[in-house]
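The structure under discussion is supplied below as structure tokens; questions concerning it will follow.
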There are 2 protein chains.
Amino acid sequence: MLGIFDSGLGGLTVVKEVLRRLPGVRIIYFGDTARTPYGTKSKEVVTRYALEDAAFLRAHGAKAIVVACNTASTQAIDALRRESDLPVFDVVAPAVRAASSGTRIGVIGTRGTVGSGAYQRLLADAAPVAEVTALACPMFVPLIEEGWAGTPEAAAIARTTLRPLRLRRLDTLILGCTHYPFLRPAIRRAVGSDVRLVDPAREAVLELVRALKADPSLSRALRARGGHRFFVSDKTPHFAAIASRWLGRPVRLETASAE
Amino acid sequence: MLGIFDSGLGGLTVVKEVLRRLPGVRIIYFGDTARTPYGTKSKEVVTRYALEDAAFLRAHGAKAIVVACNTASTQAIDALRRESDLPVFDVVAPAVRAASSGTRIGVIGTRGTVGSGAYQRLLADAAPVAEVTALACPMFVPLIEEGWAGTPEAAAIARTTLRPLRLRRLDTLILGCTHYPFLRPAIRRAVGSDVRLVDPAREAVLELVRALKADPSLSRALRARGGHRFFVSDKTPHFAAIASRWLGRPVRLETASAE
């Protein structure tokens, strides 16, 4: 089984990509909805939560872990790899590789993701001559989770928030949070139509496909009989509605604690 | 010592009122910033967290507890009173009493607060002939926490969100979340200038003042030498900045877990 975790439900966009590109893989998902969001919290707290999330997936039979959350990928990936005997895939490194052909590269994400400096450090290595600008966009997750993504109000907030990036005349922008692709039209209008938008979820799954091609035994370990399982640490009617909408099909959420 | 807890930092508005009206009382505060917000989470999870928060305050010497969070007050007050040997004050009952002279009463709050039905039930008892309308405003907390309160974007979201209340021609509106007074001008414009706005934090502290007048031994128990203490379960530069801004003076946050 392939374990995928996220601070909440945003990681279901990664699940959707895996289902499309790796139909034989059996998924176990954990969304930490009882402690969501991670993006406003410190490295120490995010690391502790991420280690618990990964341990939960391992205990339930995962043979590899995908960290679907950009905040956890930037804050906790070293700790996750140090503590884990399973392969751990993140969303940040593949996004950096995809963006590294740019010369004026922007990164947007949560306060935690941008504050960690992880994207900035990796981009400095991968694209040493590029100009890199990182910007926290803390309003985007609530706008998307609360259903405002297509509204004029969200477009106005995106325009105001992203003005500093517009002035940098980017050629490439990493949407460094699993939620942000839902706000893609507003982001696109705010930064200009000639900017290439990089979606880390998509890049991470493409990388996973390549890794599984190169490692048939891991690929076999991720295939198993039985259905996918979707665990959350808290379930409300709103969370359930979001889950089905984002996965694009009805989903039965099971409740479990990772603590 | 008087224990005050909240899902995060919003409860500092209650602290501010206590400092103003009960200057002799020594405060111990706990803000659960590692698991904030509570407003999106289920009754079960909110109840578990609230019990842990109250136990933390009791273990650190609190002789009475104020639940500064509307969500915890509506979802967990029965459990808190059942499990506690200390007096537990909440913000909901005082707000209901203050609003009960209205005839067309509105309540706004988080998804959890409104979904619990607690305000609606208490208002049906206290003001049986009044028309009551409750509305969840899940965007208001992020707008306030991220510093958008005074902006045209926030005003636009408030106007769109509150349109159903405007149509009800309210005479009274309960701002059923400790954050909402920060958005008062936008809310006022959206619902009309003749609506009386009830602030539960203010009403709760007025009630506490009356309770302490009636119970001198409790009043004595809350007075103690030494400074106030402010604990949070997670500390980031952003949380620290919010805390000082909302309390209206510099504050030293100490980190502790309630789990």
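The values are calculated or read from the model by the stated rules, or taken from the named source; none is laboratory data. Here the structure is a predicted model, which is why all the values come from computation and not from measurement. Here the Cβ is made from the backbone with ideal geometry for all residues, glycine too, and neighbour counts use every protein chain on show. When the accessible area is computed, the model is the full protein with side chains, heavy atoms only, and any ligands, DNA or RNA have been set aside. Shrake-Rupley method; radii C 1.70, N 1.55, O 1.52, S 1.80 Å.
In vacuum, with every alpha carbon of chain A counted as one equal point scatterer, what does the Debye formula give for log10 I(q)/I(0) at q = 0.09, 0.15, 0.17 Å⁻¹? Two decimals, please.
-0.36, -1.05, -1.33
What does the average come to when, for each residue of peptide B:238-246, you count the partner chain Cβ atoms lying within 10 Å of its Cβ? All intermediate terms of the calculation are to be shown ahead of the outcome.
Details: counts 8, 3, 0, 0, 0, 0, 0, 0, 0.
Average per residue, whole number: 1.
What's the angle, to the nearest 10 degrees (0 to 90), between helix B:237-247's Cα axis and the longest principal axis of chain B?
80
Computed on protein heavy atoms with a 1.4 Å probe, what is the summed buried accessible area for the chain pair A and B, in Å² to the nearest 100? Intermediate values should be presented prior to the final figure.
Values: alone 11450 and 11460 Å², together 20490 Å².
Separately minus together, A and B give about 2400 Å² buried.
Further, regarding this structure: Say the dipole of chain A comes from +1 at the beta carbon of Lys and Arg and -1 at that of Asp and Glu; which of A:164, A:80, A:36 then lies farthest toward its positive end?
Comparing the listed Cα positions along the dipole, A:164 ranks first.
Short version: ³J(HN,Hα) in whole Hz for each residue of the stretch A:156-172, in order, from phi by Karplus 6.51 cos²θ - 1.76 cosθ + 1.60 (θ = phi - 60°), x for Gly and Pro, what are they?
Each residue of the stretch A:156-172 in turn: 5, 5, 4, 4, 5, 5, 8, 3, x, 6, 3, 5, 7, 6, 5, 9, 9 Hz.
Still on this model: Copy-to-copy spacing for residue A:117, label 7 Å out on the Cα-to-C-beta vector, in nm, shortest first?
Result for residue A:117, in nm, nearest copy first: 5.3.
Taking the full set of protein chains and a 1.4 angstrom probe, give the accessible area of residue B:90 in square angstrom, rounded to the nearest 10.
Number for this one is 20 Å².
Could you tell me the accessible area of residue B:4 in Å² (1.4 Å probe, neighbours in place), rounded to the nearest ten?
Approximately 0 Å² for this residue.
Can you find, among B:154, B:128, B:138, the residue sitting farthest towards the positive end of the charge dipole of the stretch B:36-158, where Lys and Arg contribute +1 and Asp and Glu -1 at Cβ?
The residue sitting farthest along the positive end of the dipole is B:128.
Next question. Roughly how many percent of the accessible protein surface of the stretch B:77-175 is carbon and sulfur, given a 1.4 Å probe and a whole-percent answer?
Working: 2170 of 4220 Å².
Summing carbon and sulfur atoms, their accessible area is 51 percent of the total for the stretch B:77-175.
Compare the peptides B:179-187, B:129-137, A:91-99 by average per-residue count of other Cβ atoms within 10 angstrom and give them in order, highest first. Walk me through the numbers before you get to the answer.
Values: B:179-187: 22.3, B:129-137: 17.9, A:91-99: 23.9.
Final packing ranking: A:91-99, B:179-187, B:129-137.
To the nearest 20 debye, what charge dipole does the protein assembly as shown have about its Cα centre, counting +1 at the Cβ of each Lys and Arg and -1 at the Cβ of each Asp and Glu?
On the way: 72 positive and 48 negative charges, 160 e Å.
Rounded to the nearest 20 debye, it is 760 debye.
Next up: Starting at the first residue of the stretch B:120-127, write each ³J(HN,Hα) from the Karplus equation 6.51 cos²θ - 1.76 cosθ + 1.60 with θ = phi - 60°, in whole Hz, x for Gly and Pro.
The phi angles translate into 4, 5, 5, 5, 4, 6, 7, 9 Hz.
Let a ≥ b ≥ c be the square roots of the eigenvalues of the Cα gyration tensor of the stretch A:141-259; is it rounded (a/c under 1.5), or, if not, prolate (a/b larger than b/c) or oblate?
Values: a/c = 3.04, a/b = 1.40, b/c = 2.17.
Oblate.
Convert 37 °C to kelvin, take the viscosity as 0.692 mPa s, use the Kirkwood radius over C-alpha pairs of the protein assembly as shown as Rh, and evaluate the Stokes-Einstein diffusion coefficient in µm²/s, rounded to a whole number.
Details: Rh = 24.0 Å.
For these conditions, the coefficient is 137 µm²/s.
Moving to a separate point now. Magnitude of the Cβ-charge dipole of the stretch A:121-189, K/R +1 and D/E -1, about the Cα centre, nearest 20 debye?
Working: 9 positive and 6 negative charges, 64 e Å.
My answer is approximately 300 debye.
Could you order A:21, B:245 so the one with the most accessible surface comes first? Probe is 1.4 Å. All intermediate terms of the calculation are to be shown ahead of the outcome.
Values: A:21 80, B:245 135 Å².
If we order A:21, B:245 from most to least accessible, we get B:245, A:21.
Return the average number of partner chain Cβ atoms within 10 angstrom of each residue Cβ along peptide B:153-160. Could you put the intermediate results ahead of the total?
Details: counts 11, 3, 1, 5, 9, 1, 1, 4.
Whole-number average of other-chain Cβ neighbours for B:153-160 is 4.
If you don't mind, there's one more thing I want to ask. Compute the relative contact order of chain A as a whole-number percentage, counting only Cα pairs closer than 8 Å that sit 6 or more residues apart in sequence. If you can, show how the numbers build up before the last one.
Details: 502 pairs, mean separation 67.5, N = 259.
Relative contact order for chain A comes out at 26 percent.
In square angstrom, what is the accessible area per residue of the protein assembly as shown with a 1.4 angstrom probe? Each step should come with its number before you reach the end.
On the way: 20490 Å² over 518 residues.
I get 40 Å² per residue for the protein assembly as shown.
Follow-up question, since we're still on this one. So which residue, out of A:39, A:226, A:31, gets the largest mean-square fluctuation from a GNM of chain A using Cα contacts under 10 Å as springs?
Highest fluctuation among the options: A:226.
How well do other chains shield peptide A:37-46, expressed as the mean number of their Cβ atoms within 10 Å of each residue Cβ?
Values: counts 4, 0, 0, 11, 10, 9, 1, 5, 9, 2.
Average per residue, whole number: 5.
Classify the stretch A:15-114: rounded, prolate or oblate, from the alpha-carbon gyration tensor (a ≥ b ≥ c, eigenvalue square roots; a/c under 1.5 rounded; otherwise prolate if a/b is larger than b/c)? Could you put the intermediate results ahead of the total?
Details: a/c = 1.75, a/b = 1.17, b/c = 1.49.
In terms of gyration-tensor shape, oblate.
Another question, then. For residue A:107, which sequence-distant residues (separation of 5 or more, or a different chain) have an amide H within less than 5 Å of its own amide H, given hydrogens modelled in the peptide plane?
A:133, A:134, A:135, A:174
Using the structure shown, list the pairs from B:213/B:235; A:16/B:43; A:213/B:41; A:235/B:16; A:43/A:235; A:16/B:235 with a Cα-Cα distance above 32 Å, or answer none. Don't jump to the answer; show the numbers that get you there.
Working: B:213/B:235 36 Å; A:16/B:43 30 Å; A:213/B:41 40 Å; A:235/B:16 34 Å; A:43/A:235 25 Å; A:16/B:235 34 Å.
The answer is B:213/B:235; A:213/B:41; A:235/B:16; A:16/B:235.
Report for chain A the percent antiparallel among DSSP-assigned beta bridges with both residues inside it, nearest 5.
The antiparallel proportion sits near 5 percent.
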